[in-house]
1. Return yes when residue 211 is touching a residue at least 24 places away in the same chain (Cβ under 8 Å), in a strand (DSSP E or B) and surrounded by 20 or more Cβ atoms within 10 Å (Cβ to Cβ) and no when it is not.
2. Only one of these is out of contact with any helix residue (DSSP H, G or I) (no Cβ under 9 Å at 6 or more places or on another chain), assigned to a loop (DSSP other than H, G, I, E, B), surrounded by fewer than 21 Cβ atoms within 10 Å (Cβ to Cβ) and at pLDDT 95 or above: 810, 781. Name it.
3. Only one residue in 185, 191, 178 is crowded, with 20+ Cβ neighbours inside 10 Å, within 30 Å of residue 106 (Cα to Cα) and modelled with pLDDT under 85. Which one?
4. Every residue in the range 722-740 that is more than 16 Å from residue 685 (Cα to Cα) and more than 31 Å from the chain's Cα centre (by Cα), please.
5. Among the residues of the range 715-727 satisfying the criterion of being assigned to a loop (DSSP other than H, G, I, E, B) and buried (at least 17 other Cβ atoms within 10 Å of the Cβ), which is modelled with the highest pLDDT?
6. Return yes or no: is residue 562 modelled with pLDDT under 95 and not assigned by TED's automatic domain parsing to the domain that holds residue 90?
7. Do we have any residue at all in the range 419-427 that's touching a residue at least 12 places away in the same chain (Cβ under 8 Å), crowded, with 21+ Cβ neighbours inside 10 Å, in contact with a helix residue (DSSP H, G or I) (Cβ under 9 Å, 6 or more places away or on another chain) and not in a strand (DSSP E or B)?
8. Pick from 271, 299: which is within 25 Å of residue 390 (Cα to Cα), modelled with pLDDT of 85 or more, surrounded by fewer than 17 Cβ atoms within 10 Å (Cβ to Cβ) and within 28 Å of the chain's Cα centre (by Cα)?
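The values are calculated or read from the model by the stated rules, or taken from the named source; none is laboratory data. All values reported here derive from a predicted model rather than from experimental measurement. Glycine gets a Cβ as well: all are built from the backbone with ideal geometry, and neighbour counts include every protein chain shown.
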C-alpha cells in the first residue's frame, strides 16, 4: 500500500534543577521548578459507543501531576484518571462537550494551570478526521525509577500501530506497538531523541511522525515529596511510642541503634514494628499515606517468631502481639497499608530498589526477602492498598508442608499456628487499586502466590510467581467476590509451576517437592478467575509455563464489561491444561506475536533439573482437551494474528458463543454481530499417541471446533457472524482438515522452523517439543507471505522490525 509520510518536529521542555548551598550545617538544598504548563491543545474526536482514551499532558513544575475537571460535564460514559490525565470510557451520547481541565503539580507551594478544550463525540458513520499525533511531549524520567508515558494519536481509522523510525529510546525503555505505551526502568541518565511514527488502518493507510525526546535525570537522594522515609535494618532498635516508652528508635533514620537511650533517631530492627509497638491491642501503621519504607538486610519474618504457647515474651504470642486481624494466634496479617495519593504513592521498597534489575530482568540477588510463618494467612496484605508501590521484594516461606494434594508429600501442614507456614504470598481485594508490584519473586506458598479480586489498576512489572501449591495468581478469594473496575497489567513477568510445592531448603535446580492436579486434590492454574466477575487485561512479554492446570485462564470472565484484552509477545508451554483461555465478556481482544505450545502431556514425564518423583501423584494431563479456547458475546471483536501455535491437544481452537440460544447466561440473540479476525498465524499439530485416550486421533489434532451450530442464514457458516481469515499456515492438522480451506492465501505446508521436531505418531517422544525453535528459515513458506491487517505489530516476538508484508507466525526469519 502507498504510504504518506509527514513529519512533525516538536521539542520537550525539561525541568531545570538549581542547587544553592547555604552555610548551615548540614547544608540545605533547594529545588526550583520551571513554570507549569499544559501542552495538550486539542482532544481527539470520540465515536459513539466505541472505546476511547486520550491523555492530557503537562510540562514543567514538579511531577507527579493531578488532573481534574473544573467546569463542564464530560460525555456520559467517560471518566478522568486524576493521576495520569487519561480521559477514557465509552461515550453513550454524541455531541460537543466543552470542558475546563486543571492540573496541579507537587511543588511547594503547588502550581495550577487550566485549559479549556472540547470533546466531540461523533456518530459511528462520521467521516474520520486526518491522522495526527496528539502527544507532542513525553514525561521526563529518572535513572532507576519505573517510567511510563504514552504516545497518542487521533483521527484516521483505528487501530494504530506505533514504531520508532529513527533514533532510539533510553536504555531500559520499550515501546508497545499496539498501545503506544513507553515503559520500563531507565538504566542511564541523559536525553534520548527519536522519531515516533504511527500508522492507522485506513486504505490506503495514513502515517504520521513526530520527533521528540525523553530526558532521564540521574538518581537523586531519597525523597518522597513531603512524606517521611522509614528504615528497617538488622542493627536498628525497638520501636518507641507513647505505649512503648522504653522503645529505642523512631525508625526515621538510616542508622544503627547506638546501644543506649530511648527514642533515638535510628532505624527499626524489624518490619513488624511498622504496625506493632508490642503493646496490647495497638496494631496500626506508624507510617502515613505517601511515606516510604526501605527494608535493608533480611530475611524478615512476618508472623510469630515461634509457635504460640511454645515460648513466652514479645513475639511469641504474649499479649497477642505480632498478630493483627486473626483469632489471637492464627489468621494474622499486616493491617492495610496507608493509602497514598495519585500524586504521591506510599512505597514499600527493598533496599536495592534502584538497581533491582539488569537488562529488563530482575536480579534475584538484589531482592530483600520477607517470609510468612507461624500464625499468618499471607506474608504481605495488600487488601485496601491504594496508590501503593511495592518493589524489589522476595515473598516466600521457610517450610515445605503442603495443603493441596493427596497423598501429601512431604507432609500436610498442621492447621492453626502450630506449623511454620503462611497460606498465600499476597492478598488483594476489590478495593485494591493503583497498585504497582515491581521486581518481585513470589514463591513457595502452600496456596496462592497472589489471591483475591482487584478494584482498579493493578500492575505487575517483572514479577516471577513460582512453585505455589494452589495457584499462581487467583482472582478468586474463595467467595467469588466480584471485581470493581478491574484493570490488570502483567508485564515482563512469569507464572510457573503452579500446583507444585517447593522444596525447603531447595535441593534441586527445579526445587519441586510434589505436584498435583484437580483430580488429586490440587488445583494448578497459572492465572485463575471465578465466574460472576470480569476485568480488562494487558499482558506483554510474559510467560505461563509448567502449571498443572491452565497457563492463563481468563475463561470465566462472564459478567459485566465489555472488557478489553491485549496479549502480546508472550509465551505459554508445558501446562497440563490450555495455553491461553479467553472468556466471552471481552468486547475487544488483540492477541498478537505470541507463542502457544500446547504440550499438555509434558509434565507426565521427567524434566531435567526436577526430582524424579515430582509428578508421582500428578494427573489431569491435557485435561482441557483444547490448546487455545476462546468465547464470544454478541458484539465481540477478536483479532488473533501473527501467533505461532503448536500442539498435540485433541482440539486446537474451541469456540463458543455465550449469547447463543440455550447457553447458560446468554441473551439468546446469538453472535451475529461478533467478528473474528484471524491472520498470519502458523498452526502446527503433532500426532502424539499418548493423548489418544484423552480424545486425540491418529493424524493430529483438529483445528476448529464451534460448540454451537451455525444459525440459519449465517454469513460465515459458523455461530460467529463475521470471520475475516487469511494468510495462515497449517501443518500436521488431522480430523480431515485439508487445503484449500476456502479462505484467501491459506497454506497447508511445513513452516520450516529452524529446529523443527521430526517425531510424529509412533515416533513421537515426550521431550519432542522441549527445545522447539519457532524461528522460521528464510526459505519458509511463511516468510514474507502474511497480510498487513489492522493492528499488525511493528516488531515481532523478538523485537525485530516486521516488513510489509509481514511473515506469518510470531517471529520473522
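1. Numbers: touching a residue at least 24 places away in the same chain (Cβ under 8 Å): yes; in a strand (DSSP E or B): yes; surrounded by 20 or more Cβ atoms within 10 Å (Cβ to Cβ): no.
No; evaluated as a whole, the condition is false for this residue.
2. 781
3. Details: 191 fails: crowded, with 20+ Cβ neighbours inside 10 Å; 178 fails: within 30 Å of residue 106 (Cα to Cα).
That would be 185, the only listed residue that is crowded, with 20+ Cβ neighbours inside 10 Å, within 30 Å of residue 106 (Cα to Cα) and modelled with pLDDT under 85.
4. 740
5. From the range 715-727, those assigned to a loop (DSSP other than H, G, I, E, B) are 715-719, 727; that's our starting set.
Next, only the ones that are buried (at least 17 other Cβ atoms within 10 Å of the Cβ) stay: 716, 718-719, 727.
Details: 716: 94, 718: 95, 719: 95, 727: 98.
Top of the filtered list is 727.
6. Considered against the rule, which asks whether it is modelled with pLDDT under 95 and not assigned by TED's automatic domain parsing to the domain that holds residue 90, residue 562 comes out as yes.
7. No, because not a single residue in the range 419-427 is touching a residue at least 12 places away in the same chain (Cβ under 8 Å), crowded, with 21+ Cβ neighbours inside 10 Å, in contact with a helix residue (DSSP H, G or I) (Cβ under 9 Å, 6 or more places away or on another chain) and not in a strand (DSSP E or B).
8. Answer to the check: 299.
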